[in-house]
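Asker: Got a structure for you, written out below as structure tokens; questions coming shortly.
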Amino acid sequence: MTARADLVIIGAGTIGGWASVFAADAGNKVVVLERGLVGMGASSRAAGIVRSQGGTPATVGLGRWTIDFYRGQAAAYGTDSGFRELGYLILAITEEDERSGRERVAMQRGEGLAVRWLDADEAAGMMPTLARTGHRGGSFIETDGAIDPPRNVRAYSLAMQAAGVELRERTAFTGIRVERRRGGGSRVVGVDTDGGPIATERVLLTGGPSLRSVGRLAGLRIPAGAARHTVAVLEPHEAFAVERMAMVFDIGAGLYWRLEEGGLLFGWSDPDEMPGEARAIDWHAYERWRERLTGFVPLTRDLGIRRIWCATIDYTPDHLPIVGPGITPDGEPIEGLSVASAGGHGMMWGPAVARVAADLAIHGRTELIDVSDLGLDRFDEHGRSRLAADPIALPFPASAEDD
Ligand SMILES: Cc1cc2nc3c(=O)[nH]c(=O)nc-3n(C[C@H](O)[C@H](O)[C@H](O)COP(=O)(O)OP(=O)(O)OC[C@H]3O[C@@H](n4cnc5c(N)ncnc54)[C@H](O)[C@@H]3O)c2cc1C
């Protein structure tokens, strides 16, 4: 093998892209393999919602770090991902939503987040477009916001170039090369690609919605799923021609909305969606969620639709990220191999997950959050997690199996 790298990263999405920048800035020769073009996975197709209002201390930490990163990006890299602060209201619909929502706020405030509870009148008073009925208010923080996903792809691409990362587009990862260690176990010595092998002692697997198949190529069983997720943008209206209006999440129904170019962007995940690749828009589902949106924002009733797309989103069975060593189905770690997934939250946690992944790949530890629970060893052989699911997530399918 003539090509050599300190670290080879599979996938040039937001996780692989930012991880490569962090690793190269720390003095490593990094090669990123991308089977298509940079950003062609979920990362360019996202809705861009970024929140620190996580359901666990770890996800609060990932969200806060990511927002700080987006805020400091222009100074550090000369580019930005288009982050703008809009505020985020997470609605409670039922009495139980309100009880658990208030508990969540207490946990988040304990983590130092300036989140607060707004009752229905306060929420509608803050947002003239929001109906006063049909909800019980919700948790709110001013500092959550949104990025522009294609601009984020541009930002990490430029940062990769500046950091000297070698990006190999149209080059598919096809497998890892390992060597048995004398004392037992195995370690990485290289990767195979459809453009030839590369010698390396460190490999980071990413892949977003394709992570399960990327893992399989490396001999791992990664319970990462893929499902359809749909986003639509409504025509401009004067009520949305404002600098700032809070984003809203109706968690139980998997519906969210935010400002977009003078109109409203709304997205949803169907709780009954089957795992698998997004192939076509489900127009019946569109009608259902559109109707639900109208209940909360009545003036959208007569607005035309300007844009709609569906794409394949990544998820994990407990809605939490996966970061840690590559472990074979027999429970044996492969030295030098690690895995990273933002579990469908790559805009709000992506840079933080990438930072953790780069830290773990290079130093074997990270200071960013406690990751001891977030590795592959939390899943049993059926892909079931021993952790409680993060309650603030889209209603992804319960299983990560699609074949
Ligand atoms: C419609 C939609 C809306 C979303 N909205 C939001 C949102 O508002 N907020 C939020 O936080 N998250 C959102 N997400 C989720 C977010 O986009 C993802 O979590 C994130 O982009 C995942 O990043 P990634 O780098 O892990 O994966 P990806 O961006 O999918 O990148 C993985 C890359 O790996 C490459 N690859 C796969 N196999 C191989 C191989 N064998 N060899 C080489 N390369 C390979 C793929 O081509 C791909 O480019 C949304 C996703 C979708 C689809």
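Asker: Which whole-number percentage describes the relative contact order of region 162-228, with Cα contacts under 8 Å and a sequence gap of 6 or more?
Answerer: Working: 89 pairs, mean separation 15.1, N = 67.
Relative CO of region 162-228 lands at 22 percent.
Asker: Still on this structure: Under 10 Å from the Cβ of Gly11, count the other residues' Cβ atoms, weight Lys and Arg +1, Asp and Glu -1, and hand me the total.
Answerer: On the way: positive: Arg35; negative: Glu34.
Result for the neighbourhood of Gly11: 0.
Asker: Here's a follow-up. Sort the following peptides by mean Cβ neighbour count (other Cβ atoms within 10 Å, averaged over residues), highest first: 249-258, 311-320.
Answerer: Working: 249-258: 22.0, 311-320: 24.6.
Final packing ranking: 311-320, 249-258.
Asker: How far apart, in nm, are the 7 Å Cα→Cβ label points at Met40 and Glu169?
Answerer: 0.9 nm
Asker: In square angstrom, what is the accessible area per residue of the chain with a 1.4 angstrom probe?
Answerer: Working: 16620 Å² over 403 residues.
For the chain, the solvent-accessible area averages 41 Å² per residue.
Asker: Can you tell me the relative contact order of the chain? Whole percent, Cα pairs under 8 Å, sequence separation 6 or more. Each step should come with its number before you reach the end.
Answerer: Values: 961 pairs, mean separation 90.0, N = 403.
In percent, rounded to a whole number, it is 22.
Asker: Which shape class, rounded, prolate or oblate, goes with region 70-134 when its Cα gyration tensor gives a ≥ b ≥ c as root eigenvalues, a/c under 1.5 marks rounded, and past that a/b bigger than b/c marks prolate?
Answerer: Working: a/c = 3.41, a/b = 1.71, b/c = 1.99.
Note, shape of region 70-134 comes out oblate.
Asker: Still on this structure, I have one more. Where Rh is the Kirkwood radius over the Cα pairs of region 251-371, the temperature 37 °C and the viscosity 0.692 mPa s, what D in µm²/s does Stokes-Einstein return?
Answerer: On the way: Rh = 17.4 Å.
So the translational diffusion coefficient is about 189 µm²/s.
Asker: Roughly to the nearest percent, how much of the accessible area of the chain is carbon and sulfur, given a 1.4 Å probe? All intermediate terms of the calculation are to be shown ahead of the outcome.
Answerer: Values: 7960 of 16620 Å².
With neighbouring chains kept in place, the figure for the chain is 48 percent.
Asker: How much length would be gained if the chain were fully extended between Arg84 and Ala241, taking 0.36 nm per residue of separation minus their Cα-Cα distance, in nm to one decimal?
Answerer: On the way: separation 157, 0.36 × 157 = 56.52 nm, distance 1.51 nm.
So the extension gain works out to 55.0 nm.
Asker: Further question on the same structure: At a probe size of 1.4 Å, how large is the accessible area of Arg365, to the nearest 10 Å²?
Answerer: 140 Å²
Asker: Would you mind putting 179-188, 238-247 in packing order, based on average other-beta-carbon counts within 10 Å, highest first? Please report the intermediate quantities before stating the final value.
Answerer: Numbers: 179-188: 11.8, 238-247: 15.1.
Averaged packing, sorted descending, gives the order 238-247, 179-188.
Asker: Okay, next question. Round to the nearest 10 and give me the degree value, 0 to 90, for the angle of helix 95-110's Cα axis relative to the longest principal axis of the chain.
Answerer: 60 degrees
Asker: Further question: To check my understanding: the extent here is largest minus smallest coordinate of the Cα atoms along each principal axis. What are those three numbers for region 25-175, in Å, largest first?
Answerer: Projected onto the principal axes, the Cα atoms of region 25-175 cover 53, 33, 28 Å.
Asker: What is the distance, in nm, between label points placed 7 Å from the Cα along the Cα-to-Cβ direction at Ala106 and at Leu387?
Answerer: Here the answer is 2.3 nm between the modelled labels.
Asker: While we're here: If I model a spin label as a point 7 Å beyond the Cα along the Cα-Cβ vector, how far apart are those points for Asp272 and Asp121 in nm?
Answerer: Taking the simple label geometry, Asp272 and Asp121 are separated by 3.9 nm.
Asker: Determine the sum of side-chain charges near Ile251: Lys and Arg each +1, Asp and Glu each -1, restricted to other residues whose C-beta is under 13 angstrom from that of Ile251.
Answerer: Details: positive: Arg51, Arg104, Arg136, Arg292; negative: Glu96, Asp97, Glu98, Asp250, Asp390.
That sum, taken over residues with Cβ under 13 Å, equals -1.
Asker: With N set to the residue count of region 165-250, report its C-alpha Rg divided by 2.2 N^0.38 Å to two decimal places. Numbers along the way, then the final one.
Answerer: Working: Rg = 21.3 Å, N = 86, 2.2 N^0.38 = 12.0 Å.
Rg over 2.2 N^0.38 Å, computed on Cα atoms: 1.78.
Asker: Using 1/(1 + (r/R0)^6) with R0 = 41 angstrom and r between the beta carbons of Trp283 and Arg99, what's the FRET efficiency to the nearest 0.05? Before the final figure, lay out each step's value.
Answerer: Values: r = 36 Å, r/R0 = 0.88.
With a Förster radius of 41 Å, E is 0.70.
Asker: Quick check on the chain: take the gyration tensor over C-alpha atoms, sort the square-rooted eigenvalues as a ≥ b ≥ c, and tell me if it's rounded (a/c under 1.5), prolate or oblate. Don't jump to the answer; show the numbers that get you there.
Answerer: Details: a/c = 1.85, a/b = 1.73, b/c = 1.07.
In terms of gyration-tensor shape, prolate.
Asker: log10 I(q)/I(0), Debye, Cα-only region 126-171, no solvent, q = 0.17, 0.31, 0.32 Å⁻¹?
Answerer: -0.69, -1.12, -1.15
Asker: What ranking do 260-268, 287-295 get when scored by the average of other Cβ atoms within 10 Å per residue, highest first?
Answerer: For the peptides 260-268, 287-295, the packing ranking is 260-268, 287-295.
Asker: Express in whole angstrom the spacing between the alpha-carbon centres of region 45-122 and region 324-347.
Answerer: 26 Å
Asker: Assuming R0 = 25 Å, can you tell me the calculated FRET efficiency for the pair Ala26 and Arg151, based on Cβ-Cβ distance, to the nearest 0.05?
Answerer: Values: r = 25 Å, r/R0 = 1.00.
That gives a FRET efficiency of 0.50.
Asker: Quick check on the chain: helices-only [θ] at 222 nm, where DSSP H runs of length 4 and up contribute -39,500 (n - 2.57) each and the sum goes over total residues. Nearest 500, please.
Answerer: Rounded to the nearest 500, it is -8500 deg cm²/dmol.
The values are calculated or read from the model by the stated rules, or taken from the named source; none is laboratory data. These figures come from a predicted structure and were not determined experimentally. Positions of Cβ are generated from backbone atoms using ideal geometry, with glycine treated the same way; all protein chains shown enter the neighbour counts. Just the protein is used for accessible areas: all its heavy atoms, side chains included, with ligands, DNA and RNA removed. Shrake-Rupley method; radii C 1.70, N 1.55, O 1.52, S 1.80 Å.
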